[in-house]
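Please read through the structure below; I'll follow up with questions.
The values are calculated or read from the model by the stated rules, or taken from the named source; none is laboratory data. Computed from a predicted model, the values in this text were never measured in an experiment. Don't worry about glycine lacking a Cβ; one is built from the backbone with ideal geometry, like all the others, and counts go over all protein chains shown.
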Amino acid sequence: MKKTLLFVLILLLTACSKSEKVFDKLPADTVILAFGDSLTYGTNVNEEQSYPSVLEQLSFHPVINSGVAGEISADGLKRLPAVLDEEKPQLLILIHGGNDILRRIPHEQTVANLTAMIAEAKKRNIKVVMLGVPALQLFSAVGLSSLESDPLYQQVAEAENVPIDLTSLPAIISSRELKSDDVHPNAQGYQRLADAVFTLLKNTGAL
């Protein structure tokens, strides 16, 4: 019960503190692209339980699931331009870099790759929002020191002026009730993730 109340409080604080209506509302039937790794793909759950599928139901917009399990950000950067050109979304949800953190890839490389992904979207006039991924100590499930993302995500978001949710994924990953293993959410966790993304999009004015 305490964990549930804490999670709700975090979501409320997130909704109240970080979002401004920086986007015009997306036209009806506009495509949203969810781009990332296993957290986007929906590892360990059925396709309809992945966060992009749930978000599609919440938003009434087509949401393309372009998640590749195990992908590092360097490979995501190589893949993204072709996906953007094929799907032609008006909004990109970027949740990437978790495998970089797990593999201890230098932060400078991850920052450069995420920044380049955002640039690919912006040059096509595609709106971008981000979610931060937990720091390594959260993934390890040893002594949770904070419920925040790795600092690199705030660095990228501030530098590129991209709306970001820094607390929702860490809150999910820190809850045993919301995980299927040490790294991935379960169905309830992906539902919470979809709810968090939906709230972010609402608060930015995109929905």
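List the pairs whose first member sits in segment 187-207 and is of a type in the set (Lys, Arg), whose second member is buried (at least 20 other Cβ atoms within 10 Å of the Cβ), and whose Cβ atoms are under 6 Å apart, counting only residues at least 6 apart or on separate chains?
Close Cβ pairs (under 6 Å, with a partner that is buried (at least 20 other Cβ atoms within 10 Å of the Cβ)) amount to ARG192/ILE172.
Do we find a residue being within 24 Å of GLU86 (Cα to Cα), part of a helix (DSSP H, G or I) and modelled with pLDDT of 95 or more anywhere in segment 162-173?
No, that holds for no residue.
Among the numbered conditions (1) surrounded by fewer than 20 Cβ atoms within 10 Å (Cβ to Cβ); (2) of a type outside the set (Gly, Ala, Ser); (3) out of contact with any strand residue (DSSP E or B) (no Cβ under 6 Å at 6 or more places or on another chain); (4) modelled with pLDDT of 95 or more, tell me where PHE23 comes up short.
(3)
Among the residues of segment 28-54, write down those that are part of a helix (DSSP H, G or I), under 12 Å from the mean Cα position of the chain (by Cα) and farther than 12 Å from HIS184 by Cβ.
PRO52
Are any residues in segment 26-61 hydrophobic (A, V, I, L, M, F, W, C), crowded, with 19+ Cβ neighbours inside 10 Å and either on the phi > 0 side of the Ramachandran plot or touching a Ser or Thr at 6+ places or on another chain (Cβ under 8 Å) (or both), and if so, which ones?
The answer is ILE32, LEU33, ALA34, PHE35, VAL45.
Here is a follow-up. For the list (1) at pLDDT 95 or above; (2) buried (at least 20 other Cβ atoms within 10 Å of the Cβ), I need the number of the one condition that ALA116 fails.
(2)
Looking for something among the small types (Gly, Ala, Ser) and within 16 Å of TYR41 (Cβ to Cβ) - is there at least one such residue anywhere in segment 115-126?
Checked segment 115-126: no residue is among the small types (Gly, Ala, Ser) and within 16 Å of TYR41 (Cβ to Cβ).
Turning to a different aspect of this structure: Kindly provide the set of residues from segment 101-113 that are at pLDDT 95 or above, β-branched (Val, Ile, Thr) and surrounded by 18 or more Cβ atoms within 10 Å (Cβ to Cβ), ordered by number.
Within segment 101-113, THR110, VAL111 qualify.
Do you know which of the residues in segment 62-100 that are without any contact (Cβ under 8 Å) to a residue 40 or more places away in the chain and buried (at least 24 other Cβ atoms within 10 Å of the Cβ) is nearest to GLU148 (Cα to Cα)?
If we take residues in segment 62-100 being without any contact (Cβ under 8 Å) to a residue 40 or more places away in the chain and buried (at least 24 other Cβ atoms within 10 Å of the Cβ), then ASP100 is nearest to GLU148 (Cα to Cα).
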